[in-house]
Each structure stands twice: as structure tokens, then as C-alpha cells.
Amino acid sequence: MAEFALESSAFENAQAIPARFSCEGEDVSPPLRWSNVPEGTRSLALVADDPDAPGRVFTHWLGWGLDPAGEGLGEGESAPNEGENDFGGKGYRGPCPPPGHGRHRYVFRLYALDAELELASGAAKAELEQAIKGHVLTTAELVGTYER
């Protein structure tokens, strides 16, 4: 059986994210597509983080309620439910590392869940992590890089 996978037509895994999807461009979310969703998946949740941010992991996007039967999200498309990012807003905000700080990694992690989440829109990352605890069947990951 093929592995659960997350991809983007905008960039390859471990490659540079185009500026269009960053704070230096239009700051729209990249197109994402998933495949080989495991049997028993009732919903999907998405977390996009920068583990190389100064001081702590910086969250760029929280989304849940994604349809496992769907094929992905188009460019600039919102998730059905979105949480609070570390910029203090809801939805996607793109790469925006401090200038001269070097190349940062941006990890898009998609969780296949055996339940639908009962979580209010605008929830914090800690609330999402608590809600998915014990419900993760598997995860798929896509990593992009960005440098200013």
C-alpha cells in the first residue's frame, strides 16, 4: 500500500518555497494535495510550523475539518476551520524569517484522524494538539525552505 503523502505543485519537498507564498509576496497559501489517505480516516488536520524561528517553534497555519475524500487545498484556499497562528491572526501566513537569519524550514504536517474535531474556530495550537491526541492514525509531511 502506498504511503500517506502531502505534496505541493509550487515546490518540491526540502526545496525553496516561492516568494509568492511568503510575506515578501502575496502571502497566499501554497496549493497542497494529499494522497493515499488511510482507511478509517474521518477528517484531516494541518499544521505548518517554522522550527528554525528564533526562540521557539513559530506556527504559520492551523487547519482542521479537511475532507479526507478531497484531494487537497488550492492556492490561497482556506481550511474549513482555522486556528490562531503566531502572527496573532487566523489562517495562513507565509514564511517571513528575520532578514539575514539564514534558511528556515517550514514543515507542513497533515494528520489523518479517526474522528471529527469538536474545536472552535480560532483555537490555539495547544488546543488543536490536545484535540487530536489519541486520534492520529498517521501523518504526512512536506518541508519547504525560505530565506530573506
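The values are calculated or read from the model by the stated rules, or taken from the named source; none is laboratory data. Given the structure is predicted, the values throughout are model-derived calculations rather than measurements. All Cβ positions, even for glycine, are placed from backbone atoms using ideal geometry, and neighbour counts span all protein chains on display.
Odds and ends about this structure:
- Residue selected from the stretch 75-88 under the condition among the polar types (S, T, N, Q) and within 20 Å of Trp34 (Cβ to Cβ), by the criterion surrounded by the fewest Cβ atoms within 10 Å (Cβ to Cβ): Ser78
- Criterion (in contact (Cβ under 8 Å) with a residue 40 or more places away in the chain and over 11 Å from the mean Cα position of the chain (by Cα)) met by exactly one of Pro80, Pro99: Pro99
- Scanning the stretch 73-88 for residues that are assigned to a strand (DSSP E or B) and closer than 17 Å to Val107 by Cβ turns up just one, Leu73.
- Note on the stretch 108-130: residues that are more than 12 Å from Gly65 (Cα to Cα), surrounded by 14 or more Cβ atoms within 10 Å (Cβ to Cβ) and among the hydrophobic types (A, V, I, L, M, F, W, C) total 3.
- Here the stretch 56-72 is the region considered, the condition is being touching a Pro at 6+ places or on another chain (Cβ under 9 Å) and in a strand (DSSP E or B), and the residue that is farthest from Ala16 (Cα to Cα) is Gly65.
- For the stretch 19-55, residues that are assigned to a loop (DSSP other than H, G, I, E, B), surrounded by 15 or more Cβ atoms within 10 Å (Cβ to Cβ) and free of Cβ contacts under 8 Å to residues at least 60 places away in the same chain total 3.
- Qualifying residue in the stretch 103-110 (condition: under 29 Å from Arg148 (Cα atoms) and out of contact with any Ser or Thr (no Cβ under 9 Å at 6 or more places or on another chain)): yes
- Matching option when the condition is modelled with pLDDT of 95 or more, at positive phi, in contact with a Lys or Arg (Cβ under 6 Å, 6 or more places away or on another chain) and surrounded by 14 or more Cβ atoms within 10 Å (Cβ to Cβ), among Gly65, Gly91, Gly72: Gly72
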